Amino acid sequence: MRIGPYRFAPGALTTVAAAAFVALTVSLGNWQTGRAAHKQALQDAWDRGRAAAPVDLGRDAGRTVDELALQRVTARGEWDTARTVLIDNRVHGGRPGYHVVTPLRIEGTTRWVLVNRGWAPAGATRATLPGVPTPTGALVVEGVAVVPPEKVFELGEVPPGEKVWPNLNVARYARWSGLDLLPAVVQQTNDAGDGLVRDWPRPDFGIEKHKAYALQWYALAAVTVILYVVLNLKRDRS
């Protein structure tokens, strides 16, 4: 192909390789763009949940996990302190500690919900677990419904009866406890007078990270096209 005083004559192998690489990088860019859109939808749901009226779990205990996730919720019930577990390696203000998780039986129903009541500092040694005062009788819990990841890396299963867990998994807790649990965990926000820290940061959904990755892939595709043209465009000296 002649373009003025230049001749564009790429080889078949070069053309195939360039086309394949451009298709790959554009596809990866599109995937990252899709991930950014998904994370943006999650952030929008989080923001809407902060502005909406709280869901009463006593009346809406049958909601699905998708309907509960990231919503403000409220529940009235009683704690089951015997089934409290401590989620290990949770850091606040640079100090190691635990998240204290206790099941709450929802008043007027046969269902339970796990409540992450907040952070407690670790003791001087691993053998010293924090003592958390827990009120008895009916009380109201307010918070935000979240869904812990189902799959996390762990070195082994939690032994039966163990009070310290490396991570919280609702399905595993249900098998361990035998309780009929709602599919989400409530991050408690109201003060319960138990000394726990309830400083829940706004989730980082990583939207900008995915957008940056997408831009890198698209830029790589564009550079490939430019190099393909420049390296195969020769001045015609005939």
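Can you confirm whether Arg83 is touching a strand residue (DSSP E or B) at 6+ places or on another chain (Cβ under 6 Å), modelled with pLDDT of 90 or more and surrounded by fewer than 18 Cβ atoms within 10 Å (Cβ to Cβ)? Judged against the criteria, Arg83 is a match.
Taking the conditions exactly as written (touching a Ser or Thr at 6+ places or on another chain (Cβ under 7 Å) and modelled with pLDDT under 75), does Ala61 satisfy them or not? Even if it seems obvious, please write down each step before you answer.
Numbers: touching a Ser or Thr at 6+ places or on another chain (Cβ under 7 Å): yes; modelled with pLDDT under 75: yes.
Yes.
Each row is one residue, and each column tells you yes or no for (1) surrounded by 16 or more Cβ atoms within 10 Å (Cβ to Cβ); (2) at pLDDT 80 or above; (3) over 18 Å from the mean Cα position of the chain (by Cα).
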{"position": "Pro5", "(1), (2), (3)": "no, no, yes"}
{"position": "Leu13", "(1), (2), (3)": "no, yes, yes"}
{"position": "Lys39", "(1), (2), (3)": "yes, yes, no"}
{"position": "Asp47", "(1), (2), (3)": "no, no, no"}
{"position": "Ala52", "(1), (2), (3)": "no, no, yes"}
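Leu70 fulfils the conditions (1) modelled with pLDDT under 90; (2) on the phi < 0 side of the Ramachandran plot; (3) open to solvent by less than 40 Å² (accessible area, probe 1.4 Å) except for a single criterion, (2). Asn30 - would you say it is assigned to a helix (DSSP H, G or I) and touching a residue at least 12 places away in the same chain (Cβ under 8 Å)? Judged against the criteria, Asn30 is a match.
Scan the stretch 181-238 residue by residue and report those that are among the small types (Gly, Ala, Ser), touching a residue at least 24 places away in the same chain (Cβ under 8 Å) and either under 24 Å from Arg35 (Cβ atoms) or surrounded by fewer than 17 Cβ atoms within 10 Å (Cβ to Cβ) (or both).
Ala184, Gly193, Gly195, Gly206, Ala214, Ala221
The values are calculated or read from the model by the stated rules, or taken from the named source; none is laboratory data. For clarity, every value in this text was computed on a predicted model and none was experimentally measured. Note that we place each Cβ from the backbone using ideal geometry, even for glycine, and neighbour counts take in every protein chain shown. The area values use the complete protein model at the heavy-atom level, side chains included, leaving out ligands, DNA and RNA. Shrake-Rupley method; radii C 1.70, N 1.55, O 1.52, S 1.80 Å.
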